[in-house]
Structure formats: C-alpha cells, structure tokens
Amino acid sequence: DKIDVIIRRDNNTKLISVTLKNQNGTTNIINKKVLDEKQRIFGTTFINIDKADKNKFKINNGVKVYSIANGKFKDAGLSSGFIITKVNNKNIQSVKQLINILNSTKGGILFEGIQFNGVPGYFGFGL
C-alpha cells in the first residue's frame, strides 16, 4: 500500500508518498495462515514461499528465511529474504521438509538459493 504523509515543521508543509512494507522488506501481505506455517531452527525462522516469490524469481520450489537471529545460519552469512531452493542438491518443497533434513543430516550441509535481490547464493556449515 502507498500512503501520503504530511509533515509540518516551522510553518512549512511537505507531502511525502510512502510505500508500506512488511518485515521481509516487500509489499506482499503476510496473513495468519503464513505466520502459522513458519518454523524455527538454529535461530532462524522459515516460511514456505508464496506464488509471488515463485513468479518473481521464476522458481517452482523453495523456503524463505523469514527472520534470523544468532545461530548457525547467521554465522554462515545468511540474511532475511534468502530463499533456499536446494539442500545437498535436493529440491526443497516446504519448511517441514527442510526441518526434517536439518534434523537428520550429520556432517556438512550445502544450501543453494536466491538472495532477495535475485542473485544466486550458496552457503554451507557443519552440523
């Protein structure tokens, strides 16, 4: 949504148009169903990607980093908005699948995906 904000200071008035964004930095609406689907592991909260992200990045699968705190993902350089499309060369279809893989993998793990600006990204760490 776009709104107009009027700023008044010292007898001066200025009108500024502002675009409202969600906590992911996009204008997509995040509804309760999406919030209920999010899951957290290693200090990072993930959500399933929506149709808008699939269309924007021309992908069929993936899981988005919703928020990130201290933990393995942050230490590896991951940031909010990153979409994980593959883990150890296996396509990721859902948050549930990602969590299962993370809980069952031993040793190193490699992630492939897309940065919020569309640039491909890769990172890994040991479990």
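The values are calculated or read from the model by the stated rules, or taken from the named source; none is laboratory data. Just so it is clear, the model here is predicted, and its values are computed rather than measured. Neighbour counts are summed over all protein chains in view; Cβ atoms, including those assigned to glycine, are modelled from backbone coordinates with ideal geometry. For the accessible areas, the whole protein counts, side chains as well, though only heavy atoms, and no ligand, DNA or RNA atoms are used. Shrake-Rupley method; radii C 1.70, N 1.55, O 1.52, S 1.80 Å.
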Within the chain: Cβ-based charge dipole about Cα centre, in debye rounded to nearest 20 (Lys, Arg +1; Asp, Glu -1): 120 debye
Most mobile of V95, V18, V65 in a GNM of the chain (Cα contacts under 10 Å): V18
Full-extension gain in nm, S104 to F123, via 0.36 nm per residue minus C-alpha separation: 5.0 nm
Coordinate range along principal axes, alpha carbons of segment 70-127, Å, largest first: 31, 24, 17
DSSP-loop trypsin sites (Lys or Arg not before Pro) across segment 56-127, with at most 10 other Cβ within 10 angstrom: K58, K106
Approximate spin-label separation N88-I59, in nm, with each point projected 7 Å along Cα-to-Cβ: 2.0 nm
Cα Rg over Rh - the chain, Kirkwood: 1.11
Approximate spin-label separation Q115-D10, in nm, with each point projected 7 Å along Cα-to-Cβ: 4.0 nm
Å² of accessible area per residue within the chain, as computed with a 1.4 Å probe and no ligands counted: 65 Å²
